[in-house]
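The values are calculated or read from the model by the stated rules, or taken from the named source; none is laboratory data. Keep in mind the model is a prediction, meaning the values are calculated, not measured. We place every Cβ from the backbone using ideal geometry, glycine too, and count neighbours over all the protein chains shown. Surface accessibility is based on the protein's heavy atoms, side chains included, excluding ligands, DNA and RNA. Shrake-Rupley method; radii C 1.70, N 1.55, O 1.52, S 1.80 Å.
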Amino acid sequence: MNARVARACWAWGSWGRRPASSLREPPPDAVDVAGLLRDSSVTEEGVQEAVARRPPSRCSVLLFPGQGSQAVGMGGGLLHFPRVRQLYEAAHRVLGYDLLELCLRGPQEDLDRTVHCQPAVFVASLAAVEKLHHLQPAVIENCVAAAGFSVGEFAALVFAGAMEFAEGLYAVKVRAEAMQEASEAVPSGMLSVLGQRQSNFSFACLEAQEHCRSLGIENPVCQVSNYLFPDCRVISGHLEALQFLRKNSAKFHFRRTKMLPVSGGFHTCLMEPAVEPLMKTLGSINIKKPLVAVHSNVSGHKYTHPQHIRKLLGQQVVSPVKWEQTMHCIYERKKGMEVLQPRGCDADPFGP
């Protein structure tokens, strides 16, 4: 087994129940109670040599979805796999509410709230890896890289052994609460846009900002917040700006637009108030070097050390998600070489 992954133990602490609105640091007495992946006797040097010899067709990459992929019933098909219920029981203790009940029965409007859907996506993602661990262990054994979309980056880091499950979930909890609070301060949202080669997203955003100024909105925000794939972007900002873009889709050569089921203009300066509480929490968490390469949303490149992780996770809240650039970085190959096989799923920007 690939030691860099096999040594990644997802541990969740026996944390006491705490109110969902708390932004306090994690308790110092949190203890490990289980691990989903076991240690390996293979040396790190031996793994690196093996990976270098392994053809890309025998390597895998795990991709973790972000906010917007939540749906009532999520996680229900995973409960018969070992330890999945333990994950949700541990989440109940960390979050202070029954996340599994919310995921299974909703209602959807409660699940869609930032404060709930970010932990829901995080836990369900790691529960899905537990399924993968039992049904296709070779995928995990051969994993050479991981990436996560927005909050999915926390799941990728837990998978790679950079964070323990409980501490990663607590950081997600703080992040979600802070982003929920920031989103309630200004009516804002996110618009997924499928454009064309001639689409000028920057010009469209400037026009939308000017429209907002004509309505008397000071310091309007409208900018690309997610780079999904060629000619497809997510634009975040004031709701008036997004409504303007939808109304003028033909002018800007947009083929399709859709509002995302999120509560705010994420990955813009509108989320600046969320940075400080998240950074404070990350400063109290034991973050280690990932055992497999994890790529940052901010740069697209892999993390190099724990302080790098802390810094960029804080920046990620107010920076565009460079998903397209991340995919280029992970899958870039010399001409004629085979391509890595991706595993996992990313949220469809336009839904089912």
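Here the label points at H253 and E210, each 7 Å from Cα along the C-beta direction, are separated by 1.8 nm in the simple model. Given a 1.4 Å probe and the protein chains as shown, S202 ends up with an accessible area of around 80 Å².
Put a dot 7 Å past the Cα of H80, heading toward its Cβ, do the same for D98, and the two dots end up 2.2 nm apart. Listed by chain and number, the lysines whose C-alpha is less than 28 Å from the C-alpha of K247, apart from same-chain residues fewer than 8 away, are K258, K322. Stretching H305 away from K289 to a fully extended chain increases their span by 5.2 nm, per 0.36 nm per residue minus the current alpha-carbon distance. Based on Cα contacts under 8 Å between residues 6+ apart, the stretch 143-294 shows a relative contact order of 38 percent. In a reduced charge model with +1 at each Lys and Arg Cβ and -1 at each Asp and Glu Cβ, the stretch 57-196 shows a dipole moment near 400 debye about its Cα centre.
Please report how far the C-alpha centroid of the stretch 187-226 lies from that of the stretch 107-124, rounded to the nearest whole angstrom. Each part reduced to its Cα centre gives a spacing of 27 Å.
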